[in-house]
Amino acid sequence: MIVPFGHVLAIAVILFVLGLTCTVVRRQLIMILIGVEIMLNAAALVLVGASAHWQQVDGQLFVVLLMAVTASEVAVALAMVFYLRHRQGSAVADDFNRMHG
Amino acid sequence: MNAMELIALTPVLILTLGATTLLMVGAWHKQVIPLVTGGIIVALAAAGAALLIQPPVAEIAGMFGSGPYARFFTLFWALSAALVLALSIRYIHEQTIPAGEYTSLVLFAATGMALLSSATSLVGIFLGLEAFTLSFYILIAINRHCDFSAEAGLKYLVMGAVATGFMAFGIGLLYACSGSFHLPEALHGLQTGGALRPWGLLGWGMLLVAIGFKISLVPFHLWTPDVYQGAPTPVVSFLATGSKGAVAAALIGLFASGPSGWGDMTSLLWILAVLTMLVGALCALMQTHIKRLLAYSSVVHMGTLLVGLLCQSRDGLTAGVFYVVVYCIASLGSFALIASLADHGDEPGALADWRGLGYRYPVRGGVLTVLLLSLAGMPPTAGFMAKFAIFHAAIQADLLSLALLGILASLISFAFYLKVILTLFTPNEAVAERHSGTGLEHTVLAICVTGVLLFGVVPGLLFDLIGRILP
């Protein structure tokens with residue numbers, strides 16, 4: 001492998017932290033979902049890197065499965081955002097806080 | 001994948017194909033009763049297949065086991081799905097929830113649970129978990145007549161999506177450390193990982209965060225009360241039992257699957273268990289809404305389950321499986337009871353609504369009392385045996401302080417269960433009229449109460465079975 005495995009892991013961790021920060025800091029639902037996407041891409045990067053490191057194809061196969069799962073998750077999530085926006089006229093997370101206890 | 005593996009996969013195939021068929025049929029024929037009855041038949045057929053078909057292979061595609069442990073939980077989740085569907089019929093009819101979608105989503109969720117409980121590889125765990133999480137995203141928000149339903153759906157979606165990110169990254173790191181997705185090898189690689197071992201431990205920690213979100217361990221439990229309060233009650237009965245139970249079953253399978261490579265993780269799990277039990281119990285004391293109260297009660301239960309896992313002994317794991325089964329029966333029964341009192345979406349939520357209901361509906365008041373006593377852990381119910389087995393195993397494994405803290409949390413729990421029971425039997429002239437419940441709903445309640453009392457009086461039945469199926 002041309003790139004040392006440590007570098008791949010480092011980049012992936014940076015990506016993951018960026019994605020997590022995005023989900024925690026941003027209040028727009030769309031931005032939260034983008035943050036989650038970045039976290040999942042970081043995971044895919046680790047898997048591809050590890051697959052090359054171990055000279056196996058398993059990790060890359062899992063990335064394909066991960067893409068499929070991510071796609072279905074995004075489909076459901078966007079439908080939900082659309083539904084909420086249609087219903088309550090807002091796509092900001094803080095507007096949904098009517099349950100307390 | 002060959003014919004042998006397909007035979008071993010029959011119960012899951014029945015669930016998936018049945019769910020797909022019902023989804024298609026539901027697009028044209030929208031009558032509630034035939035569709036949901038079809039769903040119940042599919043679930044029962046899957047349960048029958050899991051019971052009767054002897055799998056010719058031990059493992060399917062290197063991802064899912066087909067041993068007795070997997071078959072037991074496939075059977076259990078399929079039966080739970082059947083019970084949930086049985087108590088949903090009136091609810092979805094009154095709330096005009098599309099029956100085809102609802103039924104097929106419940107069956108898909110059961111498929112995911114069955115796969116998760118039988119997973120023998122990290123890929124299997126991920127796919128099983130996602131299969132039912134995606135179904136629940138929709139199921140929680142499916143009630144268009146209730147604003148809380150949409151809000152609960154959103155909360156579960158955001159938390160679930162973040163948990164998915166943690167789980168995928170954790171699995172990636174575990175694979176990077178060990179070079180295998182298959183659990184025994186992955187855990188072995190964690191022990192001998194060399195320079196990559198810290199990454200493997202980080203990965204295991206992230207996996208734990210994701211699992212913590214799903215079974216709502218403190219501090220990842222914040223979504224639980226809101227989602228339970230907002231979601232349709234039959235859905236909550238499945239969410240509280242199946243989704244938590246399946247993750248717990250996978251966790252038990254993980255602990256049973258080989259030499260523990262997580263010696264360094266025990267202290268972390270210890271802290272999580274103690275925090276979950278104590279914070280959950282104290283928060284539950286302050287709740288005035290029955291569904292939020294049961295949500296915190298489920299938090300406490302999952303903490304207690306962790307105690308069983310921490311024993312790292314066969315006794316502890318056996319007690320853990322027993323605990324999961326008993327918790328699921330009692331919890332499903334409690335939510336089924338709330339659903340049976342609901343009339344056109346108007347259900348007793350605040351504790352004040354429950355005042356005197358025990359006199360107005362004595363049978364169901366008695367049923368709720370028995371189920372709550374089981375959740376609290378009072379003899380002669382199964383809950384007592386479950387807690388006793390867990391704490392006994394903990395003391396045997398030299399975890400005296402953990403056992404004592406667990407018993408303290410159980411004592412605090414008594415207070416809030418007792419509060420509900422006392423409210424139920426407080427004289428009240430102005431008690432509101434509730435729905436008298438359909439025959440199917442009463443059947444579901446009867447099954448749950450029978451289970452709780454049967455396993456309380458003769459726990460040996462279940463303990464012997466678990467002793468034989470545990471890998």
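The values are calculated or read from the model by the stated rules, or taken from the named source; none is laboratory data. This one's a predicted model, so the numbers in the text were calculated from it and none came from an experiment. Positions of Cβ are generated from backbone atoms using ideal geometry, with glycine treated the same way; all protein chains shown enter the neighbour counts. Surface accessibility is based on the protein's heavy atoms, side chains included, excluding ligands, DNA and RNA. Shrake-Rupley method; radii C 1.70, N 1.55, O 1.52, S 1.80 Å.
Laid out as a table, the results:
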| item | result |
| --- | --- |
| Shielding by partners, peptide B:148-154 (average Cβ within 10 angstrom, other chains) | 5 |
| Three-way shape call for the stretch B:410-471 based on the alpha-carbon gyration tensor, with the a/c threshold at 1.5 | oblate |
| Filter on B:Lys291/B:Lys419; B:Lys30/B:Lys155; B:Lys387/B:Lys419; B:Lys214/B:Lys387; B:Lys244/B:Lys387; B:Lys30/B:Lys291 - keep pairs with C-alpha separation over 25 Å | B:Lys30/B:Lys155; B:Lys30/B:Lys291 |
| With DNA, RNA and ligands ignored, accessible area of B:Leu462 (1.4 Å probe; Å², nearest 10) | 10 Å² |
| Net charge of Cβ neighbours under 13 Å - reference B:Leu424; Lys, Arg +1; Asp, Glu -1 | +4 |
| Solvent accessible area, Å² - B:Trp270, 1.4 Å probe, full protein context | 80 Å² |
| Cα centre as origin, Lys/Arg/Asp/Glu Cβ charges: the protein assembly as shown dipole, Debye | 440 debye |
| Sum of side-chain charges, B:Gln229 neighbourhood, beta-carbon under 13 Å (Lys, Arg +1; Asp, Glu -1) | 0 |
| Shape category assigned to the stretch B:1-54 from the gyration tensor of Cα positions, a/c cut at 1.5 | oblate |
| The protein assembly as shown: translational diffusion in µm²/s, Stokes-Einstein, Kirkwood Rh over Cα pairs, 4 °C, 1.567 mPa s | 54 µm²/s |
| Three-way shape label, the stretch B:67-179, alpha-carbon gyration tensor, a/c 1.5 | oblate |
| The protein assembly as shown, helix-only ellipticity at 222 nm - DSSP H runs n ≥ 4, -39,500 (n - 2.57), divided by all residues, nearest 500 | -25500 deg cm²/dmol |
| Accessible surface of the protein assembly as shown, 1.4 Å probe, proportion on carbon and sulfur as whole % | 71 percent |
| Convex hull (Cα only) mean projected area of the stretch A:5-92, reported in nm² to one decimal | 5.6 nm² |
| Between 0 and 90°, nearest 10: helix A:58-88 axis offset from chain A longest Cα axis | 10 degrees |
| Accessible area (Å², per residue) of the stretch B:263-471, counting only protein heavy atoms and a probe of 1.4 Å | 37 Å² |
| Semi-axis lengths, Å, chain B, gyration tensor of Cα atoms, sqrt of 5 times eigenvalues | 33, 27, 20 |
| Förster radius 41 Å - calculated FRET efficiency between B:Leu285 and A:Val74, Cβ distance, rounded to 0.05 | 0.55 |
| Accessible area of A:Met31 in the full protein assembly, 1.4 Å probe (Å², nearest 10) | 50 Å² |
